[in-house]
């Protein structure tokens, strides 16, 4: 088994919000990956991010230029070259550079996946939503059997290795069998420069989740860091 975590930083030179993206990556995304209870994966960062932030916690990672969009052959060729005859399946998880995984995501995912018989299969956890615009915290209700999240893992058999970016994440359920699990293992961060999620007001975001004060300690600590 091989497991790859993919995060895109393939922005055009004209992108105006790189400074905030790097701040969000440093405050939420990176610490959540460094804290993973299983280190049996590789983090592939796609694009040309001006990262000066060290990635710690014994997390294997590498950078890959993407010259042909998210389906560029560079990173996918790299994945295929790493596979050996001892591997029985390939896990590819997607994570945006302004979101985070709960510390047990990788371990839990690897513990539940099975080797697909003939074609790739999606595995999906439920998650949370943190709105930095007003400090509210929700259990996510938007993502379900017919709206897959940006945190899916695609598990492929060795004879049909497929990228998790082969279709829009919200439509992946149309193309692959979906296995959804109740544990909340990811956090979507809402902020002022979200391209899609900031289009609606706070009431719009509230319709996508149930407000809760039951914030896991790991997330609470990062929220305190953000406030400070």
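The values are calculated or read from the model by the stated rules, or taken from the named source; none is laboratory data. This is a predicted model, so every value here is computed, not measured. Here Cβ is always computed from backbone atoms with ideal geometry, including for glycine, and neighbour counts include all displayed protein chains.
Brief remarks on what is shown
- Inside the range 132-144, residues that are in a loop (DSSP other than H, G, I, E, B) and either over 18 Å from the mean Cα position of the chain (by Cα) or surrounded by 19 or more Cβ atoms within 10 Å (Cβ to Cβ) (or both) make up a count of 5.
- In this structure, residue 126 does not qualify as assigned to a loop (DSSP other than H, G, I, E, B) and over 20 Å from residue 7 (Cβ atoms).
- Selection of the range 129-164 for residues being in contact with a helix residue (DSSP H, G or I) (Cβ under 7 Å, 6 or more places away or on another chain) and under 14 Å from residue 182 (Cα atoms) yields 145, 148, 149, 152.
- Any chance residue 5 is surrounded by 14 or more Cβ atoms within 10 Å (Cβ to Cβ), at pLDDT 95 or above and part of a strand (DSSP E or B): yes
- Within the range 51-73, the residues that satisfy the criterion of being modelled with pLDDT of 80 or more, surrounded by 11 or more Cβ atoms within 10 Å (Cβ to Cβ) and at negative phi are 51, 53, 55, 59, 60, 61, 62, 63, 64, 65.
- Restricting the range 74-109 to residues that are part of a helix (DSSP H, G or I) and either surrounded by fewer than 17 Cβ atoms within 10 Å (Cβ to Cβ) or out of contact with any strand residue (DSSP E or B) (no Cβ under 8 Å at 6 or more places or on another chain) (or both) leaves a set whose member that is modelled with the highest pLDDT is 107.
- For the range 152-174, the candidate set comprises residues that are in a helix (DSSP H, G or I) and more than 15 Å from the chain's Cα centre (by Cα); within that set, the residue that is nearest to residue 125 (Cα to Cα) is 173.
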